[in-house]
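Enquirer: Here it is, the structure in full.
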Amino acid sequence: MDQIHPSPPPLRTLQPAALHSFHHHHQQQDERGAATAYAVATAASAVYNINSADSSLLFQPSLLPGSLPDRAGRASQDPLPQALAGLQHSSVSASNPTPGIFHFAPPRHQRFAAAASTQQDALRRVQIHDPAPVSAAQDAESAVKLDGKIDGLKISPDPPGLNQWRDRLFHADETIVMTEDQFQTYWPHVDNIYSHRSTQRYKRKPFISHYWDCRLKGRPPGTSKSDDPNKKKRKRVARERDLCDVKIKITEYEPGSATPENVGPLTEQPPQPPLPAATFVSGGSASIQWPLSALQYMHSARASPYSGKIYTIQRVNGNGANGKTDGNPGPHKHDLEESDKIKKNSVVRWMLKNEKEKKKQQPQDDQKKTYHTKATGKALETVKKHSAENELKLFGSCFCPFVQRVWISLEYKDISYQYIEVDPYKKPQSLLDVNPRGLVPALRHGDWGCYESTVLMEYLEDIDAGRSLMPPDAKLRANSRLWSDHINRNLIPGFYRFLQEQDTENRIKYAEELKTEIGKLVDAADKEGPFFLGKDISFVDIQMAPWVIRLNRVLKPYRAWPEPEPGSRWGKWVNAIENDAHVQATTSTDDLYLDSYERYAENRPNTSQLANAVNSGLGLP
């Protein structure tokens, strides 16, 4: 072949007129190379729609068969030399995994030089664009699964007609004939139904037989339990055997060995892949350029489905309960949903594993809900009303129930104040100046500061500003302080103990203890109510109110806390607190409490000083 040499560009350039020189100078030296050039040129002219009406073109569309025609078929339509006529498509197969790049230079022979020059303007350049890169969303489709029995299975989460194929492969009412691509795509979606029993290979037969039992058939355990006390024992539950007798046979035919006559027609015809797009660019260099992979693609797209591997799946007689091969060949004694409950298929397991890995890679903060640092709902409206500078400042956090105690008192008394939202886990200096421990709530009144919710509520009573929360009678005032202490010592620790407990049995115990402490309060309250001392809200009600709010918004979703019985004294009290205007003005939306208290419900380490104290069995910090 004249001047065939490697060239670095990614596209191959071909001068068609040069092909005729092969017959005169290199017929014996390189028939394979000539046939390759012929196939490439004819492929370009037919598949990529080069103008077939142009008589100046050397290669016409009629010259492109499914493969190179035989010697007799080409005699009437192909004027090319006999050196090419005797070569079959196997000689020009583009199976080389690393094809070289060739450049066919213009012919040196005088006989063809003129012909080549007159055809310069008639030829066209063909460029095939590289396929677009696979996106991350398509990763699953290209994943390959090796199950140890059948290699090369694909992980395709949602292939076309999935439900129909799963139902077809489950029942196997008649022989199923599948292409290799169909089998690799759909078998991983049903491999949970069957359990591999044996594989039989043959020396003189072009196929392999795989035998699978329905998984509900069961089998004796492969290994006995270990008596080694140091070995971690796996929890196993033995499933009853012989629940189903279905057995299937998968026959794997070697490429080209299966035909419609010996295995039957395909159960479902595979879709024809679209041809790659081509771009035509006029050029004066009289060249046609494309990668050899294009020829491979065109050849495979037109190949018969039976040229590759073929799989057949059929039901065979299953083993009966007596161990003999006299079982009923079907159908299953259960439905597909039952098989899915027993074991997940490979695709589902892969997706779950992939999702788990993604969650592991996420930052910890993204996985866990955390506390809020800004009030919501009606509480946010109240914050905005009290954002102006004032000598009486309340340092608080929107989710803190101790802050809400003092906040309700300020709203009830209608005292002018400034609300300052702080992050208790990032304590500002202004808060530390009032409370060196950095706990909220804290009050700064002028140049004086104080903290602890009960102390601050009593301070607001003592400055005699606004309406009083304490009754005028000294005995009732003392009684109110007594039950406020009961709330702080018993009810609040019981609330957090129940919320933070992870053991189910202990939760039941702590729930009963919390109900008991609430019952003591209800028994001590005014018989008519609805509040603790009667018709009006008072000191004890506000001491109790934040946790009444959180019974429904925190304990109910996280610990299934029950609703109060309708018409009961406890029910009247809860409704009165929930509907009080001052309580509502300091209450955020439900999601704020749900998110902020997830840390307590999971009992995460170092959730708060209060949580640590409850875990240690100590009182409130």
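Enquirer: Do any of 509/556; 374/572; 247/333; 249/344; 217/249 go past 23 Å between their Cα atoms, and which?
Expert: Among 509/556; 374/572; 247/333; 249/344; 217/249, the Cα-Cα distance tops 23 Å for 374/572.
Enquirer: Let me ask something else about it. Which of 351, 178, 457, 470 has the fewest other C-beta atoms within 10 Å, and how do the rest follow up to the most?
Expert: 351, 470, 457, 178
Enquirer: Only four residue types carry charge here, +1 at the Cβ of Lys and Arg and -1 at the Cβ of Asp and Glu. Report the dipole size of the stretch 421-498 about the Cα centre in Debye, rounded to the nearest 20. Mind dumping the intermediate values first?
Expert: Working: 10 positive and 11 negative charges, 75 e Å.
Around 360 debye, computed over the stretch 421-498.
Enquirer: Using all C-alpha to C-alpha distances in the stretch 377-615, build P(r) with 10 Å bins and read off the rounded percent in each one.
Expert: 7, 32, 38, 21, 3, 0
Enquirer: Hey, got the dipole for the stretch 377-615? About the Cα centre, +1 on K and R Cβ, -1 on D and E Cβ, debye to the nearest 20? Walk me through the numbers before you get to the answer.
Expert: Working: 30 positive and 36 negative charges, 54 e Å.
The dipole magnitude comes to about 260 debye.
No value in this document is a laboratory result; all are computed from the given coordinates. All values reported here derive from a predicted model rather than from experimental measurement. Methodologically, a virtual Cβ is constructed for each residue, glycine included, from the backbone with ideal geometry; neighbour enumeration extends over all protein chains shown.
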